[in-house]
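Here, each number is a calculation from the coordinates, and none is a lab measurement. Fair warning: this is a prediction, and the values are worked out from it, not measured in the lab. Heads up, the Cβs are rebuilt from the backbone with ideal geometry, glycines too, and the neighbour counts pull from every protein chain shown.
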Amino acid sequence: MSKAKQQAARAALNAIRERFHPNEVIGIGTGSTVEFFIDLLAEHKGEFAGGTATSVATALRLKERGIPVFDLNDVAVKVYIDGADESDSQLRLIKGGHGALTLEKINAAAAETFICIVDESKFVDQLGKTPLPVEVIAQSRTHVCRQLEKMGGQPSLEEGFLTDHGNPLLRVSGLDFTDPATLESQINDMAGVVCCGIFAHRPADILYLGHEEGCREITSP
Ligand code: 5RP
């Protein structure tokens, strides 16, 4: 699997490196596929200004490799690179496997182009095979769980984990993903939800689907 992730990471780097500019800040996601990307990106430091980081872990890895980290408030991000837990053919995603979904959603929204890098096991006919991450305010946990249960979901609290923002994370199975954009809005509208891991309103623009021997590029329909 890691070979496939590396293939996707390399394809994304090759796609953007021609356009590197000394003032450019690249949005950087979180996860093992992104870690491969950061390691490849580090070979080109100096050709771009640095990156925004969607998690403490990503900020640390960027700094360790000598890549400056910028606050998203202070820069414009043309390209955002991130992994995903699932993608469908419309490049709608489930994200948040590592609990960094809120900053990932903000970076994806702020970027002109969102490039998603995944191994081929993540490409699905319909979203929803992976439990959906939902970041909540601590005091709203029970209320949000009841609302999700009314929708047919089975939420469970990720024990012993808080997001980088200090919030609990729910993982929800059993939801109906026939209409991912409506589901995303319904969950995000619940009082106490910080963010859910459906990326349907802002899907990826380009998907690099890595496999052992190479990589396939899929662009947004
Ligand atoms: C982090 C994410 C990741 O992109 C997603 O979980 C995939 O991770 P990996 O590249 O390790 O398979 O959304 O919150």
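For the range 1-88, what ratio Rg/Rh do Cα atoms give with a Kirkwood hydrodynamic radius? Walk me through the numbers on the way to the answer.
Working: Rg = 12.1 Å, Rh = 12.9 Å.
Dividing the radius of gyration by the Kirkwood radius yields 0.94.
Charges at C-beta only: +1 for Lys and Arg, -1 for Asp and Glu. How large is the resulting dipole of the chain about its Cα centre, in Debye rounded to 20? Provide the component values of the computation, followed by the final result.
Numbers: 21 positive and 31 negative charges, 39 e Å.
The dipole magnitude comes to about 180 debye.
Over all directions, what mean area does the Cα convex hull of the range 120-221 project, stated in square nanometres? Intermediate results must be reported in sequence, preceding the final value.
Working: hull surface 30.6 nm².
Reported value for the Cα convex hull: 7.7 nm².
For each pair in Lys3/Lys63; Lys95/Lys129; Lys95/Lys122; Lys3/Lys122; Lys105/Lys150; Lys5/Lys122, compute the distance between the two Cα atoms and list the pairs where it is over 18 Å.
Working: Lys3/Lys63 25 Å; Lys95/Lys129 12 Å; Lys95/Lys122 11 Å; Lys3/Lys122 14 Å; Lys105/Lys150 25 Å; Lys5/Lys122 11 Å.
In this structure, Lys3/Lys63; Lys105/Lys150 exceed 18 Å between Cα atoms.
Toward the positive end of the charge dipole of the chain, about the Cα centre and with charges on Cβ (Lys, Arg +1; Asp, Glu -1), which of Phe37, Gly214, Leu103 goes farthest?
Leu103
Taking R0 as 30 Å, what FRET efficiency do you get between Glu64 and Glu18 from their Cβ-Cβ distance, rounded to the nearest 0.05? Please list the in-between numbers first.
Working: r = 26 Å, r/R0 = 0.87.
It comes out at approximately 0.70.
Only helical DSSP H runs with n ≥ 4 go in: add -39500 (n - 2.57) per run for the chain, normalise by residue count and round the 222 nm mean residue ellipticity to 500 deg cm²/dmol.
Details: 6 runs with 64 residues, N = 221.
The per-residue figure over the chain is -8500 deg cm²/dmol.
Please give the FRET efficiency for Ala181 paired with Ile106, using the beta carbon to beta carbon distance and R0 = 22 Å, rounded to the nearest 0.05.
0.75
Considering only the other residues whose Cβ falls under 13 Å of the Cβ of Ala76, what net charge follows from Lys and Arg at +1 and Asp and Glu at -1?
Numbers: positive: Lys78; negative: Glu24, Asp71, Asp74, Glu112.
Net charge in that neighbourhood comes out at -3.
Taking a virtual spin label 7 Å from the Cα of Glu213 along the C-beta vector, which residues in the range 1-44 bring their backbone nitrogen under 15 Å of it?
Flagged as within label range: 4.
Test of understanding: in a Gaussian network model of the chain with alpha carbons linked when under 10 Å, which of Asp205, Asp179, Asp164 would top the mean-square fluctuation ranking?
Of Asp205, Asp179, Asp164, the most mobile in the Gaussian network model is Asp179.
Considering only C-alpha atoms, what is the centroid distance from the range 121-153 to the range 163-221, in Å?
That distance is 11 Å.
Percent of Cα-Cα pairs more than 28 Å apart in the chain, please. Before the final figure, lay out each step's value.
Values: 6462 of 24310 pairs.
Counting every Cα pair in the chain, those more than 28 Å apart make up 27 percent.
For the chain, calculate the relative contact order in percent as a whole number, restricting contacts to Cα pairs under 8 Å that are 6 or more residues apart.
25 percent
By the scheme Lys and Arg +1, Asp and Glu -1, what is the net charge of all other residues having a beta-carbon under 11 Å from that of Ile16?
Details: positive: Arg17, Arg19, Lys78; negative: Glu18, Glu24, Glu47.
Computed value for this residue: 0.
Could you pull out every residue, at least 5 positions away or on a different chain, whose amide H is within less than 5 Å of the one on Asn167? Hs are placed 1.01 Å off N in the peptide plane, and Pro or chain starts have none.
none
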